[in-house]
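Let me begin by presenting the structure, written as structure tokens, before commenting on it.
The values are calculated or read from the model by the stated rules, or taken from the named source; none is laboratory data. Nothing here was measured: the structure is a model prediction, and the numbers come from that model. Reconstructed Cβ throughout: ideal geometry from the backbone, glycine too, with neighbour counts over all protein chains shown. Areas reflect the complete protein model, heavy atoms only, side chains present, ligands, DNA and RNA absent. Shrake-Rupley method; radii C 1.70, N 1.55, O 1.52, S 1.80 Å.
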Amino acid sequence: MNRRALITGITGQDGSYLAELLLAKGYEVHGLVRRVALEDPGHRLTRIQSILDRVHLHAGSLESFPSVHQVFRTVEPDECYHLAAQSFVSYSFDDEFSTLNTNINGTHHVLAVLKDVVPKCRFYFAGSSEMFGKVEEMPQTERTRFHPRSAYGISKVAGFELARNYREAYGIHASSGILFNHESPRRGYEFVTRKITSGIARILAGKGHELRLGNLEARRDWGHAADYVDAMWRMLQQDEPDDYVVATGETHSVQEFVELAFGYAKLDYRKYVTIDPQLYRPAEVDVLVGNPDKARARLGWSSQTTLKSLAGEMLKADCDALGVVVAETSGAAPR
Ligand code: G4F
């Protein structure tokens, strides 16, 4: 019989790539989605449009224990990938309360239900490099101390500790990926890389003339989301549950990404980029760079995409969507 996987957050960037990967591996794939998503598939299910006839969607709310319980009883998954969260760091400063409630309670509900209904089900928690925040060492490893700088980062530390506690206290096969930033043409428009590539496409299409950005000096370790979901799957195939840093091992500034993407478009970014102090965060994570040695050694996983090809792929996709041709995005094969 096919293995059954349940994905929370299946409609998002990571959820959609993961669903495709699991289908290709022969899994029966289920997703927990909000009822509003089922009522508005044209808008909310776009990333999984091409696989809609092959996945099973269940309406539910992570904020409600009975609702999560009902979905788990129906699906009885062998593997659960818990990706759903309020994931925009900036927004977590605007509404700390809903970010903490949604992210922490959502994870707690899923773990508590899993323990009750399917204790043998393997569990993946989407941890984040935002947990390192004001970094205490370079590069960051699984042993680096957490120092989160936002309600989002705090909520991820809480989820990470919940997963670890369920592993230690109840013997649940719970693993956490400490994922560094990962992007793709399916990235939400609010995140900086997609904001940049979609902004350039609009400029080229004559639909915009300015790109407002915040802190260009922040440095991130950016990989491709399609590579990173493979690491999630590999974690759940291990005999023993554990936690892993998933990263490229390289760090680049937002400014470098801007220059790379505008370079592809043959535009001088200085003519279009305006720095908007309103877009600075009350507490910034200045630099992130992960050490993926453990994932490489134990999971046989490594990042397959350079920042250059990632930026090219994203820009090309945004330009294609607006019918604009960009001359040179070599090495930027669509996935
Ligand atoms: O793209 P960002 O919004 O991503 P951020 O905050 O690093 O978080 C992302 O990665 C995490 C993993 O490390 C995830 F856990 C999280 O869910 C999310 O996926 O911002 C990247 C950097 C920041 O330093 C920000 O201050 O870009 C800087 N930035 C500069 N101008 C901007 C902008 N960020 C955004 N979103 N918009 C700007 O205009």
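DSSP beta bridges confined to the range 1-132 are antiparallel in about 0 percent of cases. Each DSSP beta bridge with both residues in the chain is either parallel or antiparallel, and the antiparallel ones are about 5%.
Counting only protein heavy atoms and a 1.4 Å probe, tell me what percentage of the chain's accessible area is made up of carbon and sulfur. Don't skip to the answer; put the middle values down first.
Details: 7050 of 14850 Å².
Looking at the chain in its full context, I get 47 percent from C and S.
Amide H contacts under 5 Å for Arg122: Glu79, Cys80, restricted to partners 5 or more places along the chain or on a different chain, H placed in the peptide plane at 1.01 Å from N.
Helical content alone sets the calculated 222 nm signal of the chain at -11000 deg cm²/dmol, taking -39,500 (n - 2.57) per DSSP H segment of four or more residues and averaging over every residue. With Cα atoms as the point set, the radius of gyration and Dmax of the range 1-84 evaluate to 11.7, 34 Å. Remark: accessible surface ordering of Val71, Val192 (largest first) is Val192, Val71, probe radius 1.4 Å.
Summarising the amide proton neighbourhood of Ile178: residues at separation of 5 or more, or on other chains, whose placed amide H is nearer than 5 Å comprise Tyr244, Val245, Val246.
Helix 192-204 and the longest principal axis of the Cα set of the chain meet at an angle near 40°.
For the range 272-299, the residues whose backbone nitrogen is under 20 Å from a point 7 Å from the Cα of Arg3, taken along Cα to Cβ, are 295-299. In the chain, the longest principal axis of the Cα atoms and the axis of helix 254-264 are about 60 degrees apart.
The HN-Hα couplings worked out from phi for the range 52-58 by the Karplus form 6.51 cos²θ - 1.76 cosθ + 1.60 (θ = phi - 60°) are 4, 7, 10, 10, 10, 9, 10 Hz, whole numbers, x standing for Gly and Pro.
Compared with the dominant principal axis of the Cα atoms in the chain, helix 65-75 is inclined by about 80°.
Of the chymotrypsin sites (Phe, Trp or Tyr not before Pro) found in the range 127-229, those in coil by DSSP whose Cβ has at most 13 other Cβ atoms within 10 Å are Tyr189.
The number of Lys pairs in the chain with C-alpha atoms less than 18 Å apart, excluding pairs fewer than 8 positions apart on the same chain, is 12.
Mean projected area of the Cα convex hull of the range 176-234, taken over all directions, amounts to 5.0 nm². Of the chymotrypsin sites (Phe, Trp or Tyr not before Pro) found in the range 241-283, those in coil by DSSP whose Cβ has at most 14 other Cβ atoms within 10 Å are Tyr280. For the chain, the relative contact order works out to 17 percent when only alpha carbon pairs closer than 8 Å and six or more residues apart are counted. Between the range 89-113 and the range 217-284, what is the separation of their alpha carbon centroids in Å? So the two Cα centres are separated by 23 Å. Each residue of the range 92-106 was assigned a 3J(HN,Hα) from its phi angle through the Karplus curve 6.51 cos²θ - 1.76 cosθ + 1.60 (θ = phi - 60°); the sequence is 5, 7, 6, 9, 4, 5, 5, 4, 5, 4, 4, 6, 6, 5, x Hz, with glycine and proline shown as x.
Remark: the range 1-134 carries a charge dipole of roughly 400 debye about the Cα centre, counting +1 on each Lys and Arg Cβ and -1 on each Asp and Glu Cβ. Normalised by residue number, the volume inside the convex hull of the Cα atoms of the range 1-160 is 127 Å³ per residue. The distance between label points at Asp239 and Ala169 comes to 2.8 nm (points 7 Å beyond Cα on the Cα→Cβ vector). Taking all protein chains together and rolling a 1.4 Å probe, His43 ends up with roughly 140 Å² accessible. Entry note: the chain has Rg to Rh equal to 0.96, where both radii use alpha-carbon atoms and Rh is the Kirkwood radius.
Volume per residue of the convex hull around the Cα atoms, evaluated for the range 132-236, comes out as 129 Å³. Taking amide H positions as modeled 1.01 Å from N, with prolines and chain starts lacking one, the residues under 5 Å from Arg212 and 5 or more places away or on another chain are Thr274.
Since only Ser64, Thr46, Leu83 are under comparison, the one whose Cα sits farthest along the positive direction of the charge dipole of the range 40-92, derived from C-beta charges on Lys, Arg, Asp and Glu, is Thr46.
Net charge near Val287: determine it from the other residues with C-beta under 15 Å of the C-beta of Val287, scoring Lys and Arg +1 and Asp and Glu -1. Walk me through the intermediate numbers first.
Numbers: positive: Lys134, Arg149, Arg219, Arg220, Arg281; negative: Glu130, Glu136, Glu137, Glu217, Asp221, Glu250, Glu256, Glu284, Asp286.
Combined, the nearby Lys, Arg, Asp and Glu give -4.
Calculate, in nm to one decimal, what Thr274 and Arg54 gain on full extension: separation in residues at 0.36 nm each, minus their alpha carbon distance.
So the chain would gain 74.8 nm between Thr274 and Arg54.
The Cα center of the range 155-215 and the Cα center of the range 7-70 differ in position by 18 Å.
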